[in-house]
Amino acid sequence: MAELNERFYDYLIEEDEPRACRAIPDDACTNVPKNFTLNIANGTLTKLAEKIISPNLTLAWIMHFFGASSAMVGALVPIKDAGSLLPQLAVSGKIRSYSIRKNFWVISGLVQAFCWLAAAGHIFFGNQDTVPLIILILLAVFSIASGVASVAYKDVIGKTIPKNTRGQMLSYRSTFGGVLSLIAGVLLVFFIQENADKTIYGYMFLFASILWLIASLLFFNIKEEKGATEGGRNPFQEIKEGVSLIKDEKDFRNFLFTRALLMAVPLLQPFYVLVAKDIDDTTWSLLGYLIIVNGLANVLSSPFWGKIADQSSTRLMRISSFIAIAGGIYALLFYFVSDWNLGFYYFIPVFFINGIAYSGARLSRKTYLVDYAPSENKATYVSVANTFIGLFTLIAAGFGLVAEYFGLPAQILFFMSLLVGAIVLSYRLKKV
């Protein structure tokens with residue numbers, strides 16, 4: 001098994017020189033191939049599970065099927081984002097006090113598996129009228145567990161994966177998971193939708209639960225060396241430390257604002273959907289094409305982005321922003337050159353372009369944060385960054401007022417201006 005891990009690692013990384021274990025303990029160097037392989041396998045399964053039960057797509061279908069109101073369906077994504085991001089600052093100090101941090105991810109993964117198992121059980125055996133409410137409650141618990149796992153995860157890879165290969169490792173997780181997610185998306189839209197009943201939805205939750213369980217077992221087998229435990233803080237001390245970091249550390253503050261502006265890339269997506277519906281008001285079959293296009297964008301771009309991220313994550317931020325701006329310009333053509341009478345299929349490249357940009361933006365900010373944060377206090381940096389973005393997400397919920405009062409073209413231009421700001425700020429970031 002060890003030899004297989006070595007061959008898998010060498011095949012993906014293609015190192016010409018003897019392995020250089022930068023920014024991890026020397027004792028961990030011999031465990032790199034095994035940890036690298038387990039990390040990719042873990043990520044592949046979680047990406048697939050997230051596609052099968054996705055708050056902005058499949059959960060919306062299921063909630064609607066069980067008679068949820070529009071308000072309940074609209075609460076899915078805010079619950080997911082707030083639950084996963086806002087509590088992180090409160091738990092990072094506790095994680096810091098443990099020398100082995102992978103167990104926090106493992107326990108969180110088991111909680112996530114239990115949430116979807118409970119959802120499946122309620123669909124099979126519970127009161128069908130209460131399914132939407134139960135799903136919202138379980139999603140809140142699931143999201144909080146996701147937030148705890150996120151803090152622990154970045155700390156663990158900072159201790160187990162060399163600095164010069166982290167971007168590639170993250171990209172392979174995304175790529176392999178994207179391939180399976182692409183297949184799942186096709187099945188969900190073109191097969192299950194036409195044969196939907198409560199049994200199929202129950203099995204979707206059950207399958208996602210099994211994936212989270214296996215992913216937790218894989219992560220448990222990662223070989224993590226003990227880390228420093230000094231400076232462990234209670235939640236109030238951690239919040240105070242987080243405020244001090246933002247106030248006193250200019251480089252970190254610049255990263256937070258740059259990352260917030262990069263949120264314009266995923267925030268553009270739902271407005272592109274509205275533009276597409278203006279062009280051709282088709283129903284769920286339209287989403288099949290969108291899932292395929294987004295899946296292809298992720299699969300095709302992630303390996304390329306991984307290598308660029310390891311060379312310069314700030315450069316990848318700029319490249320991703322420029323690509324997203326190009327997608328916005330293309331989308332605006334459908335308003336400013338309406339005489340061309342372009343149909344929906346001409347608009348599909350917008351989703352492909354934005355998918356490529358989002359893949360790069362997400363990978364760039366993850367790689368930058370892991371490389372920037374000092375190993376002895378990485379959990380705090382991660383939790384502060386995520387809490388900051390969680391608060392920004394609450395503010396961003398009001399950005400849709402631009403489209404309501406000024407129209408979709410103005411909304412797209414607004415997000416493009418944020419991306420210009422991200423490009424400018426990225427030049428002020430400290431090189432890591």
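The values are calculated or read from the model by the stated rules, or taken from the named source; none is laboratory data. Nothing here was measured: the structure is a model prediction, and the numbers come from that model. Heads up, the Cβs are rebuilt from the backbone with ideal geometry, glycines too, and the neighbour counts pull from every protein chain shown. When the accessible area is computed, the model is the full protein with side chains, heavy atoms only, and any ligands, DNA or RNA have been set aside. Shrake-Rupley method; radii C 1.70, N 1.55, O 1.52, S 1.80 Å.
Side notes on the structure shown:
- The lysine pair count for segment 98-204, using Cα distances under 25 Å and pairs eight or more places apart or on different chains, is 4.
- Shape class for segment 290-432, computed from the alpha carbon gyration tensor (a ≥ b ≥ c): prolate, with a/c not under 1.5 and a/b above b/c.
- Maximal additional length on extending the Asn221-Asp248 stretch stands at 5.9 nm, based on 0.36 nm per residue less the C-alpha distance.
- Nitroxide proxy distance, nm - points 7 Å out along Cα→Cβ at Arg428 and Ile395: 1.4
- Computed from Cα atoms alone, the Kirkwood hydrodynamic radius reported for segment 72-185 is 16.0 Å.
- Accessible area per residue for segment 33-182, computed on protein heavy atoms with a 1.4 Å probe, is 32 Å².
- Heavy-atom accessible surface of segment 293-432: percent carbon and sulfur, 1.4 Å: 66
- Compared with the direct C-alpha span, the chain from Ala410 to Lys240 gains 57.3 nm at full extension, assuming 0.36 nm per residue.
- Two-site FRET efficiency, Tyr345 against Val186, from Cβ-Cβ distance with R₀ of 22 Å, rounded to 0.05: 0.80
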